[in-house]
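Below is one structure; the comments refer to it alone.
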Amino acid sequence: MRAPLLLLRGLQTTLATDNGALTVVDGVDLDVREGEILGLVGESGSGKSMTLRSILRLIRPPGRVSGEILWRGRDLVPLREPEMRAIRGREIGMIFQEPMTALNPVLSVGRQILENLRAHTDLGRTARRNRTVELLDLVGIPAAAQRVNDYPHQFSGGMRQRAMIAIALASNPSLLLADEPTTALDVTIQDQILKLLLRLRETLGMAVILVTHDLGVVAQSCDRVAVMYAGRVAEIGEVSAVFAAPRHAYTLGLLQSVPDARRIRQALRPIGGAPPPPGTVGDRCAFIPRCDFATAACEVRRPPLISIGGGRLAACVHGDRLQQAEWAA
Ligand SMILES: Nc1ncnc2c1ncn2[C@@H]1O[C@H](COP(=O)(O)OP(=O)(O)OP(=O)(O)O)[C@@H](O)[C@H]1O
Ligand SMILES: [Mg+2]
């Protein structure tokens, strides 16, 4: 098994809002290994983006991150901002969910890559220029040498998304946090970007946390998948194993709500109800109100994320019953 690069232990993120403190990441345990692609899935609002932002400590005070973020064994939580800056964007890169707000509109795309190269590498002036064109070319910007002085608004949505990736890759990060990097794109470009991420994993040994709503993308490109619900990890394991036999009722619901390419005719079953608002769950399973399997045991305490064999972890007391139900169906 590959060594863990990043370990999250009891990661908790609380935002300050007009209605008081809101816990949006609620005790997340997660590990990312060298060179692996970890998919992060879960309904809108489950805390995927907040988890990624927390890893890089991009939570504005009085919002607060606690727990442990062990990056190569070193805890990032107590680090001060200057120390954090040496890691953010250099060792750990991030592609944000909204490319237009993350790109600077008044700087050319090439300039933004150059700035990153200057901040995070030892390359000289000429080498930086060459590398900038190389990076744009790498992410599939046509005629990169001519487009390097364009501004973000002169790029299409897909090109902006790819420019974001080029900026994030400038420092050769060991870990890339990719927040829905292909959601706004057509399937052809989506495919190109996923292939690019896979290639970078091969050539640079880069690990990736890939946030997506598309379980097909997870099946195609990820080694393992973590399923989030209400700011917590419901289950985590190898993609093929989790998709073949989910061990958390929420994962089962998620899989039943999307078309399965292997079955020609299939009734889709959306999960009824809505996720709980942050901070309303308390010390019990967050999925109870929407769960077909819930019993009194789910109310007693928050089900811990425990090892269930085969390198898998699940936070559901009814894992075995799920399997029986699936066979019966
Ligand atoms: N600035 C904010 N102020 C208050 N609450 C916020 C803020 N940003 C996010 N939240 C809340 O934090 C929770 C987690 O949000 P997050 O953006 O991490 O979800 P997500 O899983 O990335 O969803 P999506 O799939 O829609 O991107 C949600 O309940 C959201 O409403
Ligand atoms: Mg998000």
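Values in this text are rule-based calculations from the coordinates and carry no lab data. All of these numbers come straight from a predicted model, not from anything done at the bench. Note that we place each Cβ from the backbone using ideal geometry, even for glycine, and neighbour counts take in every protein chain shown.
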Given labels modelled 7 Å from the Cα in the Cβ direction, how far is it in nm from S257 to A119? 3.6 nm
Separation between the T203 and Q154 pseudo-spin-labels, each 7 Å from Cα along Cα→Cβ, expressed in nm? 2.6 nm
Springs between alpha-carbon pairs under 10 angstrom, Gaussian network model over the chain: which of V187, V139, V25 fluctuates most? V187
So how tilted is helix 319-328 from the main axis of the chain? Cα-based, degrees 0 to 90, rounded to 10. 80 degrees
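For a Förster distance of 41 Å, can you work out the FRET efficiency between the beta-carbons of A219 and M84, rounded to the nearest 0.05? Intermediate values should be presented prior to the final figure.
Values: r = 34 Å, r/R0 = 0.84.
The value I calculate is 0.75.
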Folded to 0 to 90 degrees: helix 187-204 orientation relative to the chain principal axis, Cα: 80 degrees
Cys residues of the chain counted as unpaired, since no other Cys beta-carbon is under 4.7 Å: C222, C291, C316
Separation between Cα centres of the stretch 122-168 and the stretch 1-52, rounded to whole Å: 30 Å
Please compute P(r) over all alpha-carbon pairs of the chain, binned at 10 Å starting from zero, and give each bin as a whole-number percent. 5, 25, 32, 24, 10, 3, 0
